[in-house]
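Working notes, structure below.
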């Protein structure tokens, strides 16, 4: 039992790091751009420091950047270093992980897209109200700007070198410690919650659903897209809408690392009051929207696997927890996440070496010692111009936002690509069922559920609409996938007759769904 708990916690830790690695790299890059290309002055002007729109700008910047709650930490630290007000920084820190172009598109194709738009607007209200209340209550907790403001990078190769050094230093600095605390929180949550212990919780109209979700999701780490997926699953299963909103706001927006960073930056009492204000507002809104936004397209399920990601990944009496841990990591971590994790490891190693070799940052001083005017100057070659660092910074940040929007066309497939992927997933899942391999079956069931929703998004962003036939076929297919999941996963020894019947129904629904994806569904 102890081995299973240890290996299960280790799996959750590695899974969290791998899922967070791509967005943490984005956060490190944006923080380096703010520091070495924008400079303190432009950063404060861009964020409307001290003005009435500061909180709104922080919310908007957070909504646009493709970062999770761990990836938001380096950007928040840089905003504090520049001297931005605490309320605005905290507003950015919470709003950045909630939505991004990819996850927002995913959310808009859920059963009730108006709910997702309402959630987005509610997040704006929450971060602005919480930020204003906090600013009024803790004016003295506002951090002072850094005494040694960073100099904008000179043109040429020095800009690239300074951006790289900024990412490397930050990756191995305090950001690493806060990220480690966030990962530790997710690991401890899995250790405390046995496998499947949340399957009968978060019922609709349960007054304890929203506060329970706040308590559970605070130490968890959820990427924006995964949070949207879980919200969609909660809608499908008739769970509490208020708990779904809390999951999106607290689960995606906070983690133990962010709380520790706020404590270290602003002090214990200001940080504790900020968390209390935020959670109180979110839970109160969850209670208020429970009945008005609860839809009853389908009766509520008796239990759901939507919250299994918070718990231990396998039962405590499993015979080979180490082997199961390795198998799950191989199945559930995508190749791009492993690549991002490897690159992050390189940055951390280089940063650790630099901290030993050059602890006083003399290298950055040498690179910024060259004096170059900020104005655009035309050389004798006509087209060869020196672009000011702030202009380049704006281009890079806006390009990152545009790139995340363009990535939606890659992440969400077109019709033909989706049909091919659906065929592969169906074949793999059928093979796992016939081999009685519950682990593989669970992995491919989850993959199939995700692909069904991604298909709707891919068609929507290309055609501007989703046919009613596809919506209905997708809903029926998800129901059949869920029925098969229960037949396979909810018993130690699944009944072959029940599994076979569920598989036949699923195959029939899959054929109808495939025709609807191709555009020939009636």
Considering only residues that are more than 22 Å from the chain's Cα centre (by Cα) and either part of a loop (DSSP other than H, G, I, E, B) or crowded, with 19+ Cβ neighbours inside 10 Å (or both), which ones fall in region 174-204? 194, 195, 196, 197, 199, 200, 201, 204
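One line per residue, one yes/no per condition, for (1) crowded, with 19+ Cβ neighbours inside 10 Å; (2) under 28 Å from residue 107 (Cβ atoms):
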position: 448; (1), (2): yes, yes
position: 460; (1), (2): no, yes
position: 485; (1), (2): yes, yes
position: 501; (1), (2): no, no
position: 505; (1), (2): no, no
Identify all residues within region 301-336 that are free of Cβ contacts under 8 Å to residues at least 24 places away in the same chain and either surrounded by 17 or more Cβ atoms within 10 Å (Cβ to Cβ) or more than 24 Å from residue 223 (Cα to Cα) (or both); write none if there are none. 319, 320, 323
Within region 248-262, is even one residue outside any helix (DSSP H, G or I), in contact (Cβ under 8 Å) with a residue 40 or more places away in the chain and either more than 16 Å from residue 117 (Cα to Cα) or outside the structural domain of residue 100 (by TED's automatic domain parsing) (or both)? yes
Which of the residues belonging to region 49-61 are touching a residue at least 24 places away in the same chain (Cβ under 8 Å) and under 21 Å from residue 97 (Cα atoms)? 54, 55, 56, 57, 58, 59, 61
Of the conditions (1) at pLDDT 90 or above; (2) crowded, with 20+ Cβ neighbours inside 10 Å, residue 239 fails just one. Which one is it? (1)
Can you tell me which residues in region 360-379 are at pLDDT 80 or above, at negative phi and either part of a loop (DSSP other than H, G, I, E, B) or in contact with a helix residue (DSSP H, G or I) (Cβ under 7 Å, 6 or more places away or on another chain) (or both)? 360, 363, 364, 367
Residue 57 passes all but one of the listed conditions (1) buried (at least 23 other Cβ atoms within 10 Å of the Cβ); (2) under 19 Å from residue 401 (Cβ atoms); (3) modelled with pLDDT under 95; the exception is number (1)
Regarding region 424-438, can at least one residue be identified that is under 26 Å from the mean Cα position of the chain (by Cα) and at pLDDT 90 or above? yes
Picking from 212, 202, the residue that is in contact with a strand residue (DSSP E or B) (Cβ under 8 Å, 6 or more places away or on another chain) and under 29 Å from residue 261 (Cβ atoms) would be 202
For residue 472, work out the one condition from (1) within 21 Å of residue 107 (Cβ to Cβ); (2) surrounded by 21 or more Cβ atoms within 10 Å (Cβ to Cβ) it doesn't fulfil. (2)
Yes or no: region 26-35 includes at least one residue that is free of Cβ contacts under 8 Å to residues at least 24 places away in the same chain, more than 21 Å from residue 335 (Cα to Cα) and either surrounded by fewer than 23 Cβ atoms within 10 Å (Cβ to Cβ) or assigned by TED's automatic domain parsing to the domain that holds residue 180 (or both). no
Restricting region 205-229 to residues that are out of contact with any helix residue (DSSP H, G or I) (no Cβ under 6 Å at 6 or more places or on another chain) and modelled with pLDDT under 85, the residue that is surrounded by the most Cβ atoms within 10 Å (Cβ to Cβ): 229
Hey, does region 491-500 have a residue that's closer than 24 Å to residue 230 by Cα, assigned to a loop (DSSP other than H, G, I, E, B) and without any contact (Cβ under 8 Å) to a residue 24 or more places away in the chain? yes
Qualifying position, being at pLDDT below 85 and either assigned to a helix (DSSP H, G or I) or surrounded by fewer than 14 Cβ atoms within 10 Å (Cβ to Cβ) (or both), among 351, 345, 382: 382
Checking residue 339 against (1) in contact with a helix residue (DSSP H, G or I) (Cβ under 8 Å, 6 or more places away or on another chain); (2) loosely packed, with under 14 Cβ neighbours inside 10 Å, which single condition isn't satisfied? (1)
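The values are calculated or read from the model by the stated rules, or taken from the named source; none is laboratory data. Bear in mind the structure is a predicted one, so any value in this text is a computation, not a measurement. Neighbour counts run over all protein chains shown; Cβ positions are idealised from the backbone, glycine included.
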